[in-house]
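The block underneath contains the structure these notes are about, expressed in structure tokens.
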Amino acid sequence: MADIKKGDHKFYIGDDEQNPKAEITFKEIGEHELNVDHTYVSEELRGEGIGGKLVERMVEHARSEGKKIDPTCPYTRKKIEETSEYHDVLA
């Protein structure tokens, strides 16, 4: 499994933050909320559960910061809504 790294308002996989192999991006909305607006997984990593791992890392980040997630990314919204353990961070 590839390493998930923290970048500038994103978590990503790959050597280059500007051209990642996979990423989940977010914006800070006020002091207590994160808007997850984009999830991407390259063809070479698809089918390995990478998208789910990125959402999991985003949830961990939100919890550690004491923030809620307002996902406008359809994949992230669906993953959080379908995973009862993540409901505590859903805005």
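The values are calculated or read from the model by the stated rules, or taken from the named source; none is laboratory data. A quick note: this is a predicted structure, and the numbers were derived from the prediction, not measured. Ideal geometry is used to build each Cβ from the backbone, glycine not excepted, and the neighbour counts take in all protein chains shown.
Points to keep in mind about this one:
- Glu60 being surrounded by fewer than 18 Cβ atoms within 10 Å (Cβ to Cβ), under 15 Å from His9 (Cα atoms) and either touching a residue at least 24 places away in the same chain (Cβ under 8 Å) or touching a strand residue (DSSP E or B) at 6+ places or on another chain (Cβ under 7 Å) (or both): no
- Within region 36-50, the set of residues being part of a helix (DSSP H, G or I) and in contact with a strand residue (DSSP E or B) (Cβ under 7 Å, 6 or more places away or on another chain) comprises Leu45, Ile50.
Residues are listed down the side, and each one gets a yes or a no for (1) of a type in the set (Phe, Trp, Tyr); (2) at pLDDT below 95; (3) part of a strand (DSSP E or B):
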{"site": "Tyr12", "(1), (2), (3)": "yes, no, yes"}
{"site": "Thr25", "(1), (2), (3)": "no, no, yes"}
{"site": "Gly52", "(1), (2), (3)": "no, no, no"}
{"site": "Met58", "(1), (2), (3)": "no, no, no"}
{"site": "His61", "(1), (2), (3)": "no, no, no"}
{"site": "Ser64", "(1), (2), (3)": "no, no, no"}
{"site": "Lys78", "(1), (2), (3)": "no, no, no"}
{"site": "Glu85", "(1), (2), (3)": "no, no, no"}
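- Among the residues listed as Gly66, Gly49, the single one being within 17 Å of Thr83 (Cα to Cα), of a type in the set (Gly, Ala, Ser) and either in contact with an Asp or Glu (Cβ under 9 Å, 6 or more places away or on another chain) or exposed (fewer than 13 other Cβ atoms within 10 Å of the Cβ) (or both): Gly49
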